[in-house]
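Quick notes on the structure that follows.
Read-outs: derived from the displayed coordinates by stated rules, not from any lab. Here the structure is a predicted model, which is why all the values come from computation and not from measurement. Virtual Cβ from ideal backbone geometry, glycine too; neighbours counted across all protein chains shown.
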Amino acid sequence: MKSIPNILSILRILLVPLFIIAFFNDASGIRAYAVLVYGVAALSDVLDGYIARKYKAATNLGKFLDPLGDKLMMLSVLVCLSIGGVIPVWAALVAGVKEALMAAGGCVIYKRSGAEFLPSNALGKASAVVFFVVCAALMLFGGIPGHWATALISAAIGLMFVALASYIKTYISVIGKKGRS
């Protein structure tokens, strides 16, 4: 049972190129296949987390693969939306910087906390859901005016930064406890 969440995370990573192909090969402009691939990836994320928690099947490899798959898919979606002219380039760049900060912070925490990755929190999960819904809507409803698309993706990215702030608070707490030990 321990390997199922890891297999689901690897599947999500393998879905990234399929998503990109589906995004750019949909001549209709609706991008339904890309949304379908993205939805399967999101479902695999929920499922691997559920299985890992319910069956105590979490592994350090899974704690690495899960966020890696999430970040690769999220950045792929943003870059595709940006290249497709749906959202401004700055949105993909800002989210990329945020993800790089999260990855760097996660590595530091991993090293300082005795090889334990910090689990996701409710705010991080909520921002992931909002991000998914916004990006899926932007792909499915190609006629959304540019200023609305920018406002929607800005709100989703803003919530991601709020989640980042909560992770930074946790990071400071972990580092502080490690320093007192």
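Report the calculated FRET efficiency for residue 89 and residue 56 (r = Cβ-Cβ distance, R0 = 30 Å), to the nearest 0.05.
With R0 = 30 Å, the Cβ-Cβ based efficiency is 0.10.
If each residue's Cβ is checked for other Cβ atoms within 10 Å, how do 89, 37, 94 rank with the fewest at the top?
89, 94, 37
Take the Cα of residue 27, step 7 Å along the line toward its Cβ, and report every residue of the range 119-147 whose backbone nitrogen sits under 19 Å from that point.
So the set is 142.
So how far apart, in nm, are the two label points at residue 169 and residue 36 if each is 7 Å from Cα heading toward Cβ?
4.2
Assuming R0 = 35 Å, can you tell me the calculated FRET efficiency for the pair residue 141 and residue 7, based on Cβ-Cβ distance, to the nearest 0.05?
0.60
Relative to the longest principal Cα axis of the chain, at what angle does helix 146-180 sit, 0 to 90 degrees, rounded to 10?
The angle comes out at about 10 degrees.
Taking only Cα atoms of the range 3-180, what ratio of Rg to Rh do you get with Rh as the Kirkwood inverse-distance radius?
Dividing the radius of gyration by the Kirkwood radius yields 0.99.
Over the range 3-151, what is the relative contact order in whole percent, taking alpha-carbon pairs under 8 Å and six or more residues apart?
30
In angstroms, what radius of gyration and Dmax does the range 1-97 have, counting Cα atoms only?
14.6, 44
Taking the Cα atoms only, what angle lies between the long axis of helix 60-83 and the longest principal axis of the chain, rounded to 10 degrees?
With both axes taken from Cα atoms, the answer is about 20 degrees.
So what is the 222 nm mean residue ellipticity for the chain from helices alone, if each DSSP H run of at least 4 adds -39500 (n - 2.57) and you divide by all residues, rounding to the nearest 500 deg cm²/dmol?
-28500 deg cm²/dmol
Rank 122, 92, 156 by mean-square fluctuation in a GNM of the chain with C-alpha springs under 10 angstrom and give only the top-ranked residue.
Answer for the Gaussian network model of the chain: 122.
Assign unit charges at the C-beta atoms only (+1 for Lys and Arg, -1 for Asp and Glu), then state the dipole size of the chain relative to its Cα centre in Debye, rounded to the nearest 20.
It works out to roughly 860 debye.
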